[in-house]
Amino acid sequence: MRSAVIVFPGSNCDRDMARAIELVSGHAPQMVWHKDSELPAGTDFIALPGGFSYGDYLRSGAMAARSPIMRAVIDAAARGTPVLGVCNGFQVLTEAGLLPGALMRNAGLHFLCKDAPLRVENSQSIFTSGYGAGEELAIPIAHHDGNYAADADTLDMLEGEGRIAFRYRSDVNGSARNIAGVLNTAGNVLGMMPHPERAVETAHGNLDGLRLFQGLLGVLA
Amino acid sequence: MKVEVFVTLKPGVLDPQGRAITHALHGLGFAGVEDVRAGRYLTLDVADGTTEAEVREMCQQLLANTVIENFRISGI
């Protein structure tokens, strides 16, 4: 399998993401610079990593979402290529219009850096097939702008279509309906604030993120 | 030519920063402040002849996130 990790100026979890992908799949991903306009031929998984792309100027993810590589990512997503956006990657996906809603400043205004108790709401997606329905996990979060917002109709639609992949088990950052991760309509794009790539090795002290990569990369292998 | 753009949160969207500013004003003794909404103000230096439609397009494509924000254009 061929995966790609997109690197924006200010990304800082790109190498963690690459390590997690290589650890699970046995193949190192291509690191793709934001100024490239094409993905490597045959890319069958794209990851948008965490960080502070463009210094969070204007809005978190706003500038990155308009960078040249994102046109290729949007085209690939439309063709069904799986796209995972973590933290800043989730913000980029909403800003690019690949996922509904927006990520606002945490309700408590503080930067949050801790393990977040989560529940798997949809275990049928390609990203969450490694988990059981309703399974409880704890995955690290590290964000200032993770407060998921969308209008009530959009939230009802996400609930009705099973597109809420993960929910916080209690209010963490003010997110509407405690949403921690959402899927697109086709189910091939997932954005989530928690960092599964930070919970894949014994040294991390937490292996709860491992099955996301195992499930997804197992499907793609 | 200078154009001003005001980006504000839509009514009903919770504004944690505005709420913190409200609390801070209360702390300073301004008890009459009921609510504060924080927004963004941009000045654009654009070529003469730039139309409002073009600035509107800039707002929709980048300057505002219309999921949560409204914008107002002035000076054109």
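In segment A:180-199 there is no residue that is outside any loop (DSSP other than H, G, I, E, B), open to solvent by 10 Å² or more (accessible area, probe 1.4 Å) and over 24 Å from residue A:56 (Cβ atoms). Take residue A:121 and decide whether it is away from chain B (no Cβ under 13 Å), in contact with a Lys or Arg (Cβ under 8 Å, 6 or more places away or on another chain) and surrounded by fewer than 17 Cβ atoms within 10 Å (Cβ to Cβ). No, not satisfied. Each residue in segment A:204-221 was checked for being among the aliphatic types (A, V, I, L, M), open to solvent by 10 Å² or more (accessible area, probe 1.4 Å) and at pLDDT 95 or above, and 2 pass.
Being more than 28 Å from residue A:93 (Cβ to Cβ), open to solvent by 60 Å² or more (accessible area, probe 1.4 Å), more than 10 Å from chain A (Cβ to nearest Cβ) and in contact (Cβ under 8 Å) with a residue 24 or more places away in the chain is a property that does not hold for residue B:8. Of all residues in segment B:26-42, those that are in contact with a strand residue (DSSP E or B) (Cβ under 9 Å, 6 or more places away or on another chain) and open to solvent by less than 80 Å² (accessible area, probe 1.4 Å) total 4. Kindly list the number of the only condition in (1) among the hydrophobic types (A, V, I, L, M, F, W, C); (2) touching an Asp or Glu at 6+ places or on another chain (Cβ under 8 Å); (3) more than 13 Å from chain B (Cβ to nearest Cβ) that fails for residue A:84. With (1) among the hydrophobic types (A, V, I, L, M, F, W, C); (2) touching an Asp or Glu at 6+ places or on another chain (Cβ under 8 Å); (3) more than 13 Å from chain B (Cβ to nearest Cβ) applied to residue A:84, the lone miss is (2). Evaluated against (1) crowded, with 20+ Cβ neighbours inside 10 Å; (2) away from chain B (no Cβ under 14 Å); (3) closer than 30 Å to residue B:17 by Cα; (4) touching an Asp or Glu at 6+ places or on another chain (Cβ under 9 Å), residue A:10 falls short on exactly one condition, (1).
Just one of the listed residues (A:134, A:97) is open to solvent by 30 Å² or more (accessible area, probe 1.4 Å), within 12 Å of chain B (Cβ to nearest Cβ), on the phi > 0 side of the Ramachandran plot and modelled with pLDDT of 95 or more, and it is A:97.
Could you identify the single residue in A:59, A:71, A:2 that is away from chain B (no Cβ under 14 Å) and either of a type outside the set (Ser, Thr, Tyr) or over 17 Å from the mean Cα position of the chain (by Cα) (or both)?
A:2
For segment B:23-44, the criterion of being within 20 Å of residue A:61 (Cβ to Cβ), out of contact with any Lys or Arg (no Cβ under 7 Å at 6 or more places or on another chain) and more than 10 Å from every other protein chain (Cβ to nearest Cβ) is satisfied by at least one residue.
Scanning segment B:63-76 for residues that are of a type outside the set (Phe, Trp, Tyr), within 13 Å of chain A (Cβ to nearest Cβ) and open to solvent by less than 50 Å² (accessible area, probe 1.4 Å) yields B:63, B:64, B:65, B:68, B:69. Residue B:67 passes every criterion in (1) part of a helix (DSSP H, G or I); (2) of a type in the set (A, V, I, L, M); (3) under 20 Å from residue A:91 (Cβ atoms) apart from (1). With respect to (1) outside any loop (DSSP other than H, G, I, E, B); (2) out of contact with any helix residue (DSSP H, G or I) (no Cβ under 8 Å at 6 or more places or on another chain); (3) away from chain B (no Cβ under 14 Å); (4) more than 12 Å from residue A:180 (Cα to Cα), the lone exception for residue A:165 is condition (4). Restricting B:9, B:63 to those that are closer than 26 Å to residue A:108 by Cβ and within 11 Å of the chain's Cα centre (by Cα) reduces the list to B:9.
The values are calculated or read from the model by the stated rules, or taken from the named source; none is laboratory data. These figures come from a predicted structure and were not determined experimentally. Because the Cβ atoms are built from the backbone with ideal geometry, glycine has one as well, and the counts that use them run over all protein chains shown. Protein only, heavy atoms only, side chains kept; ligands, DNA and RNA dropped before computing areas. Shrake-Rupley method; radii C 1.70, N 1.55, O 1.52, S 1.80 Å.
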